[in-house]
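I have placed the structure first, in the form of structure tokens, so that the comments after it can refer back to it.
Taken together, the values in this text are just the output of simple stated rules run on the coordinates, not laboratory data. The shown structure was predicted, so the numbers you read here are calculated from the model rather than taken from an experiment. Cβ coordinates were reconstructed from backbone atoms using ideal geometry, including for glycine residues, and neighbour counts include every protein chain displayed.
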Amino acid sequence: MAPKTTLETSGAVAHLVLDDPEAKLNTLGAAMIAELKERFAALKSDAAVRAVVVRSAKPGGFLAGADLRELKALSEAADAAQAGYRAAREGQGLMDLVEDLGKPVVAAVHGAALGGGCELALACTARVLAEEGASVGLPETQLGILPGFGGTWRLPRLLTLPAALPAILTGAPFDPRRALKAGLADTLAPLPRLVQVAEELALSLARPGAPERAARVRRARIPRMNRVLDSAPLRSLALSKARKDVLAKTKGRYPAPLKVLALLGDRSGGRAAYLEREARALGELLATDVSRNLVRIFFLGQDAKKQAGEGSPSAARAAVVGAGFMGSGIAIPLVTKAKLPTALKEANLEVLGRALKKVRGHLDKAVAKRKLTPVQAAAGFNLLAPGAEAQDLRRVDFVIEAVPEVLEIKHAVFAELEALVPEAAVLGSNTSTLPIADIAAKARHPERFVGMHFFSPAEVMPLVEVIPGPRSSPKTVAAAVDLALRMGKTPVVVKDSPGFLVNRILLPYILEATQLVAEGVDPRTVDSAALEFGMPVGPIKLIGEVGVPVIKHVLGILRGAFGDHLPAPDWVNREDLASAFPRGADGRLSVDAARIRAWVGRPDPGMPAPDLEDRLYLAMLNESLRAMDEGLVSDPGLLDLAMIYGTGFPPYKGGPLRLAGVRGLPRWADRADELARVAPWLKPCAAMRSGRAAA
């Protein structure tokens, strides 16, 4: 096996260079850990070496974290808890060796230093970050685990507990300036001078007393209030408040943050005793279904990126036609993430003005949250070319249409576009319901048409359904996948079918909720059942959030296609349905449960909570299995990913198909048979009875 590191010398300074030849990014797997242990042991005994710089030869970053494939294998092992514990102890041994080297070690960080990469940097004597693009953090809780290589020990000691808590609990990374202010970075350097600055710092720290002086300087940078709150009596208050916040946010469904808080609450016995507890905590979390599901979701996201294929075409100039709510939302990631020159076309100048205000407001918020610098925000806004005339579309190579969901309007728009854009340009339609076959039916070049269903709000929601038409070329589909990825989205390629994938599954769930209300269940009780299941918003409230006209439009299409297994409660068809979803002066939407109950006019049947939850879930599960049987997506995992990213299906449950697999489809079929006595449309579909398509 080729070495994953190299050792270079510069006078009395040794440069330990991370460079795994088999990977685009360095990761801290078992082989890398073993090799680094050997390197540091040799450096410790080398009298000629007075200081060490750890850096990366990878252009993409320092060290991306643990090897997640190894992590996945550990979580699936029969003795996952013990396997995770052993892996943690190996990683901790490396970090202890670095910290106890007896010589200053400086991490020169560019790009990402996340998870294990951050823990390696924390074990060093000091850290130099590249001024632009460096990112340091501990995102492990997002995978259902915790930093297990000493991160929960070292970060609070370096930054204080109040500063470390949100970083560990949320996984939010530090950018260079925030890292410097917090005390995580000792200094910043331009990327071309990063190694030189790190070497100079390493040599200066080799002088007697220099590491202690540097630590005092670093400590003095920490905000005084954080230092005050880090006193022993106040730490318990900080942990108690954090626990309340975590429970309020997660309802205890994610064990990792709670395990972190319990660990941080007991620092007795010094480093050795603490790290033993940290390793055991990591192993216990690694063995949970929650962690397995979150790690699986990560890999499904990676699989989604492969749908573009090798050598897929990449757009250089884009356009959005229609600057309403969706069009303006689509334009934002085109200029901020993809960084593409983007023409924003809208005939109504008032609508265009609102769109520009929305884009500007989004950029200003990103600057306020330090997600963008003012220069980056200005550059993004300057990439936008707004206007009412379509003539300057002659040079674009990817157009996304975002006009109203009326086939005649779309035909007219695309007829004009085909006459303007280059023959090689891709024509994408942001449609949530209209078949791509129908949209492309009058096209001169239907091979370059593709559907791109963005979810609302488009600037926030991560999912894009990419829908090939019957004559869309593979090159066109690949270009759409590539563009979605560059926009920071997760694309899922979906068969052209009524409602496509997510709406096809979501609407039966919403209809089941409305049917429960029609049977007399209070709308608030139905929404509470969905929230208890883990959905981010109740299905009744979701009708108002999405918009009554949109819901009715999609329902009409789905009932026309699949009405044989969908309930049809009368109250949803009322002309005044929107009056049940008023908005207050602050713009917040509420559900007028009393009004809806008056429309229904039936007493509450007192339905048990498990029945409510199971009916809502079975509506989704049945439709998910039908979608798989019809080949709407190529893999059950992609269906789960789409439902998580498109509807907020609880990630800790892994998706509708993954959840079904935990209990087993035969048992869900029995449950569906039981509930179908009062709700016949819930009878198990053929795939549920046969046990096919479970993830």
TODO: For n ≥ 4 DSSP H runs only, could you compute -39500 (n - 2.57) per run for the chain, divide by its residues and tell me the 222 nm figure to the nearest 500?
DONE: -16000 deg cm²/dmol
- [ ] Putting +1 on Lys and Arg Cβ atoms and -1 on Asp and Glu Cβ atoms, find which of His565, Pro536, Val550 reaches farthest to the positive end of the dipole of the range 518-569.
- [x] Val550
Open item on the list: Using +1 at the C-beta of Lys and Arg and -1 at the C-beta of Asp and Glu, which of Val53, Ala379, Ile510 has the Cα lying farthest in the positive direction of the dipole of the chain?
Closed with: Val53
Task: Dipole moment magnitude, nearest 20 debye, the chain about Cα centre, only Lys, Arg, Asp, Glu C-beta charged - done: 2120 debye
TODO: Just report the Cα centroid separation between the range 573-618 and the range 363-429, whole Å.
DONE: 38 Å
TODO: Quick one: order Thr27, Thr5 by neighbouring beta-carbon count within 10 Å, fewest to most.
DONE: Thr5, Thr27
- [ ] Any chance you could run the full-extension gain for Arg574 through Lys24? It's 0.36 nm times the residue separation minus the Cα-Cα distance, nm to one decimal.
- [x] 192.3 nm
- [ ] Largest first and to the nearest Å, give the Cα extent of the chain along each principal axis.
- [x] 82, 62, 53
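Find, among the chymotrypsin sites (Phe, Trp or Tyr not before Pro) in the range 398-450, those assigned to loop by DSSP (not H, G, I, E, B) with at most 12 other beta-carbon atoms within 10 angstrom.
Passing sites in the range 398-450 do not exist.
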Open item on the list: Here is the link list: Lys442/Lys495; Lys72/Lys541; Lys339/Lys552; Lys306/Lys357. Which ones come out longer than 28 Å on Cα distance?
Closed with: Lys72/Lys541; Lys339/Lys552; Lys306/Lys357
Task: trypsin sites (Lys or Arg not before Pro) restricted to DSSP loop in the range 538-627 with at most 14 other C-beta within 10 Å - done: Arg574, Arg588
Task: Highest-first arrangement of 644-651, 663-670, 148-155, where packing means the average Cβ count within 10 Å - done: 148-155, 644-651, 663-670
TODO: Would you grab the residues whose amide H sits under 5 Å from the one on Val320? Only those 5+ places off in sequence or on another chain, please, with H modelled 1.01 Å from N.
DONE: Ala343, Leu344, Lys345, Ile400
Task: Estimated FRET transfer efficiency (Glu99, Ala378; beta-carbon r; R0 35 Å; 0.05) - done: 0.25
TODO: Enumerate the lysines that Lys44 could reach by cross-link, defined here as Cα to Cα under 28 Å, with residues fewer than 8 away along the same chain left out.
DONE: Lys4, Lys58, Lys103
Task: Degrees, to the nearest 10: 407-420 long Cα axis against longest axis of the chain - done: 60 degrees
Task: Spin-label proximity, Val228 to the range 152-192 - amide N less than 20 Å from point 7 Å beyond Cα toward beta carbon - done: 159-166, 182-183
- [ ] Quote the Stokes-Einstein diffusion coefficient, in whole µm² s⁻¹, for the range 313-493, based on the Kirkwood radius over alpha carbon pairs, a temperature of 10 °C and a viscosity of 1.306 mPa s.
- [x] 99 µm²/s
Open item on the list: Output wanted: per-residue J couplings in Hz (rounded whole) for the range 599-605, from phi through Karplus 6.51 cos²θ - 1.76 cosθ + 1.60, θ = phi - 60°, x for Gly and Pro.
Closed with: 4, 6, x, 10, x, 5, x
Open item on the list: Straight-line reach from Lys24: which aspartates and glutamates fall under 16 Å, measuring Cα to Cα and dropping same-chain residues less than 8 apart?
Closed with: Asp67, Glu310
Open item on the list: Straight-line reach from Lys251: which aspartates and glutamates fall under 18 Å, measuring Cα to Cα and dropping same-chain residues less than 8 apart?
Closed with: Asp289, Asp527, Glu532, Glu613
Task: Extended-chain gain in nm, criterion 0.36 nm per residue less alpha-carbon gap, Lys357 and Asp266 - done: 27.8 nm
Task: Estimated FRET transfer efficiency (His553, Arg471; beta-carbon r; R0 30 Å; 0.05) - done: 0.70
Open item on the list: List the trypsin sites (Lys or Arg not before Pro) within the range 2-55 that DSSP assigns to loop and that have no more than 12 neighbouring Cβ atoms inside 10 Å.
Closed with: Lys24
- [ ] Evaluate the charge dipole of the range 122-256 about its Cα centre and quote only its size in Debye, nearest 20, assuming +1 on the Cβ of each Lys and Arg and -1 on the Cβ of each Asp and Glu.
- [x] 680 debye
Task: Between helix 232-250 and the chain: long-axis angle, C-alpha atoms, 0 to 90°, nearest 10 - done: 20 degrees
Open item on the list: Would the range 584-634 count as rounded, prolate or oblate if I go by the C-alpha gyration tensor, calling it rounded below 1.5 in a/c and otherwise prolate when a/b exceeds b/c, oblate otherwise?
Closed with: oblate
Task: Ala77 paired with Asp586, simple spin-label distance in nm, labels 7 Å along Cα-to-beta-carbon - done: 5.0 nm
TODO: Please check the chain for the longest run free of GluC sites (Glu not before Pro) that are loop-located per DSSP (anything but H, G, I, E, B) and have at most 14 other Cβ atoms within 10 Å.
DONE: 133-309
- [ ] Any chance you could give the angle, 0 to 90 degrees and rounded to 10, that helix 349-368 forms with the longest Cα principal axis of the chain?
- [x] 30 degrees
Task: Spin-label pair Gln196/Glu630, simplified geometry with 7 Å Cα→Cβ offset, distance in nm - done: 6.4 nm
- [ ] With label points built 7 Å along Cα→Cβ from the Cα atoms of Lys365 and Val460, find their separation and express it in nm.
- [x] 0.6 nm
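Full-extension gain between Ala42 and Lys442, please, as 0.36 nm times their residue separation minus the C-alpha to C-alpha distance.
Length difference between fully extended and current span is 136.9 nm.
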Task: Positive-end residue of Gly148, Gly451, Ala206, charge dipole of the chain with Cβ unit charges - done: Ala206
